[in-house]
């Protein structure tokens, strides 16, 4: 018998007076004693104030333990810990994303995917496993997101969701969804071009721009067709002035690429000061520049370009469109200059080349027609008899 134990009016229920948990004074701590399987057990039932425990409640707990309807405190803790562990290891979309990042640390576009996951997928599917995702929730996600986002943005978010599900399934981490996640069709074959007048206005706006570092970035995009990320990552040791090539650091296609340095690009690059930074177009701290959208938009507006002209991406399209329209560059060469992984992306410019060929063919037809006219026998009218 423990010292200080006080019996209650309920069989097998007693308490001790102990300092109150989280307060002043004392409180009753109730215990129960019962016999089960020829063994005598003594267990705490709860505290008077912290657990709102009474002798009557403790008596009911004792009855449930005797009848086997209540777990022991130790068993309950073990079960709760097991449930927490199971919950932590559930293959939710959020957990699959974390494991996916661990397995693909060098993945190109990881930052973009991270933003897509946090903005779009996590709020809707983050705590769900692939098995718990149903077609209706995916349809609602697509429709709701499509009200405020571009079709390509919706498709990219759904593609990431499908990628994570496939990753989990292929690694044996989860069951697949009960349906196929189908991506919406997106017409992304948009090409942009600058008319001769728009090009003149842009060049004038670049010369007059207050932010010449950004103006130079736009010039190099126009001269070379390089992507935004390739330009911002460009370092001085990537420039091979001797051979006349630019080595692209971590290009979108994944493999090492290099493009020729035309005279305009060379002149611009040679004119830039090396200000103690490894980067050709550094940010304020000498590190890699990360933001220039507002400055680019300001220059485009000063040039009077259309509002939907997409800045550096539009200049890359203008570079490609100009070459395709010239009739002097075949599509394979254009593919190499744009560092497209496959010819499918380059085919969007095929119609421009076809138009050039059609104009050339029309010129040939006009030349033949003129020659035919010159070979026509001249008819000299006979003088009428007097």
Among 277, 343, which comes first, then next, by fewest other beta-carbon atoms within 10 Å?
343, 277
With a 10 Å Cβ neighbour count serving as the proxy for reagent exposure, in which order, fewest first, do 342, 321 appear?
342, 321
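No value in this document is a laboratory result; all are computed from the given coordinates. Note that the structure is a prediction, hence the values are computed from the model and not measured. Cβ sites come from the backbone with ideal geometry, for glycine too, and all protein chains shown count toward neighbours.
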